[in-house]
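K.L.:
Below is one structure. I have some questions about it.
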């Protein structure tokens, strides 16, 4: 495709998506998602904000080293220290981009930056020139562009293009724009900026009013050729524009959009499930494209129509986004090589043989409980294995719960705390409540339970239950995940996973002023 008809997909799941409360990812988890995005053929992967912490720097560097076919990007404020840190983190990238930004709306310049417009332009130009010392692929973002004055946007964008910026990002940082307004802004900028033809126009829309995808598509219709989005629409506050919705809208409506992405859309569902599994943010059943009900038909009229001709009620094929791959492939008689091969086809590899052995042992245990093992089961199993290998201060040894009509539920468990086995017992309003209280009787984490969520990983009464637990302590929020065919055990695993995260020192400061 030519420059004018290719839609560049810039995925920021690993950076902006991680800013969702409780969605922080480990370095290894970021690499796993980065490899899945590469398999999806995402053009640009924003791997993180290297200056935020040593942990974030290491994660960006690890993704930059692991990913070869996609451009890997690091975010940096328009500050020398940020840009230098990003350049260092991206040193081993096969293709690198530095994404630098500064706020441009009156309220941000006056209240947050306390800078005059001339100073903002000068700092933006300086930042782009410094980033060019590390790579010729430099993106500049005007933070809160949706509430910025159009004359000032024209001025600063023209200046940063002259300084060497190759991509101009127009973010609707607070989700304030309306689709017709946002599209008009993109068209006006492209028409009024003299050197606009020397850069790709990009958009980064937030979903505060539920319009992130609509605003992004309106921008594409008016000449934007890069969209910044996340898998499942993950992101801070109400989230970001959903990658799968934008990509499939453009693909499904070529009569409206004169561009196309190069993504392998058959990888969308697998990528969605991986992100959901790692972050603990479940996908709602009626979510477009990747929800469990996205291609389900219950109405008799709809069923009759689809049986006669699929196009009567389906505007795209389930197979085109990867649903056809969700078939049972393994069972209790499957061997280690078949297990490894199937995981590799899902983009899951192991650095150490011990990790593979631990996952295979869990697979055999699961196969004894569950006749049909699906891809989703395997992804949950691997995440569960890796979670335990990383967070080992608290481990579940055994759990017994008694619950019967007319009696108060009671839980008795044994956990390993810093290598020492400790028994705990408690009663509760239900078996899960009793299990949680028995854990707390030992660890005394001092946390508040913010969320308890249960989802079935696959269908059937023998399906694994996937539990998400969100805990808060002192303003810090973490998510824990656990999966098991026994929902009470899955709940205990999830709670312990969250407790382990709370007990660890935070690996990074939340980049409050790193919002684009």
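Each value in this text was obtained by applying a stated rule to the coordinates, not by laboratory testing. Computed from a predicted model, the values in this text were never measured in an experiment. Here Cβ is always computed from backbone atoms with ideal geometry, including for glycine, and neighbour counts include all displayed protein chains.
K.L.:
So, R0 is 51 Å and r is the distance between the beta-carbons of residue 115 and residue 353; what FRET efficiency does that work out to, to 0.05?
P.N.:
Plugging the Cβ-Cβ distance into 1/(1 + (r/R0)^6) gives 0.40.
K.L.:
In addition: What is segment 354-468 by shape, rounded, prolate or oblate, if you read a ≥ b ≥ c off the alpha carbon gyration tensor as root eigenvalues and call it rounded for a/c under 1.5, prolate for a/b larger than b/c, and oblate otherwise? Working shown, then result.
P.N.:
Details: a/c = 1.92, a/b = 1.31, b/c = 1.47.
The shape class here is oblate.
K.L.:
Give the distance, in whole Å, between the Cα centre of segment 93-159 and the Cα centre of segment 1-59.
P.N.:
21
K.L.:
In degrees between 0 and 90, to the nearest 10, how far off the longest principal axis of the chain does helix 117-131 point, with axes built from Cα atoms?
P.N.:
That works out to roughly 70 degrees.
K.L.:
Now, a different point. Roughly speaking, what is the stretch gain from residue 473 to residue 5, that is 0.36 nm per residue apart minus the C-alpha to C-alpha distance, in nm to one decimal?
P.N.:
On the way: separation 468, 0.36 × 468 = 168.48 nm, distance 4.87 nm.
In short, 163.6 nm is gained.
K.L.:
Related question: What does the highest-first list of 337-346, 481-490, 14-23 look like by mean Cβ count within 10 Å?
P.N.:
Result, highest mean Cβ count within 10 Å first: 14-23, 481-490, 337-346.
K.L.:
Mark the label point 7 Å from the Cα of residue 425 along Cα→Cβ and return the residues of segment 438-452 whose backbone N is within less than 16 Å of it.
P.N.:
From segment 438-452, the list is 438-442.
K.L.:
Nearest 10 degrees is fine. How inclined is helix 80-89 to the longest principal axis of the chain, computing both from alpha carbons?
P.N.:
60
K.L.:
Does the chain come out rounded, prolate or oblate, given a ≥ b ≥ c as the square roots of the eigenvalues of its C-alpha gyration tensor, rounded meaning a/c under 1.5 and, failing that, prolate meaning a/b above b/c?
P.N.:
Here the chain falls in the prolate category.
K.L.:
From the Cα gyration tensor of segment 336-380, with a ≥ b ≥ c the square roots of its eigenvalues, which class applies: rounded if a/c is under 1.5, or else prolate if a/b is larger than b/c, or else oblate?
P.N.:
Note, shape of segment 336-380 comes out oblate.
K.L.:
Output the relative contact order of the chain, whole-number percent, from Cα pairs under 8 angstrom with separation of 6+ residues. Let's see the in-between values first.
P.N.:
Numbers: 1075 pairs, mean separation 62.3, N = 516.
Normalised by residue count, the contact order of the chain is 12 percent.
K.L.:
A follow-up question, please. Would you calculate a helix-derived [θ] at 222 nm for the chain, using -39,500 (n - 2.57) for each DSSP H run of n ≥ 4 and dividing by the full residue count, to the nearest 500? All intermediate terms of the calculation are to be shown ahead of the outcome.
P.N.:
Numbers: 15 runs with 193 residues, N = 516.
Taking each H run of at least 4 residues, the total per residue is -12000 deg cm²/dmol.
K.L.:
Let me ask another. Once both labels are modelled 7 Å past Cα along the beta-carbon direction, what's the residue 180-residue 405 spacing in nm?
P.N.:
Computed distance between label sites residue 180 and residue 405 equals 6.2 nm.
K.L.:
For helix 487-503, report the angle its Cα long axis makes with the longest principal axis of the Cα atoms of the chain; keep it between 0 and 90° and round to the nearest 10°.
P.N.:
In the chain, helix 487-503 runs at an angle near 50 degrees to the longest axis.
K.L.:
Same structure again: Could you calculate the contour length gain from residue 398 to residue 286, that is, 0.36 nm times the residue separation minus the distance between their Cα atoms, to one decimal place in nm?
P.N.:
Extra length from residue 398 to residue 286 when fully extended: 36.7 nm.
K.L.:
If you don't mind, another one. Using 0.36 nm per residue of separation minus the Cα-Cα distance, give me the extension gain between residue 209 and residue 262 in nm, one decimal.
P.N.:
Contour length minus Cα-Cα distance gives 16.2 nm.
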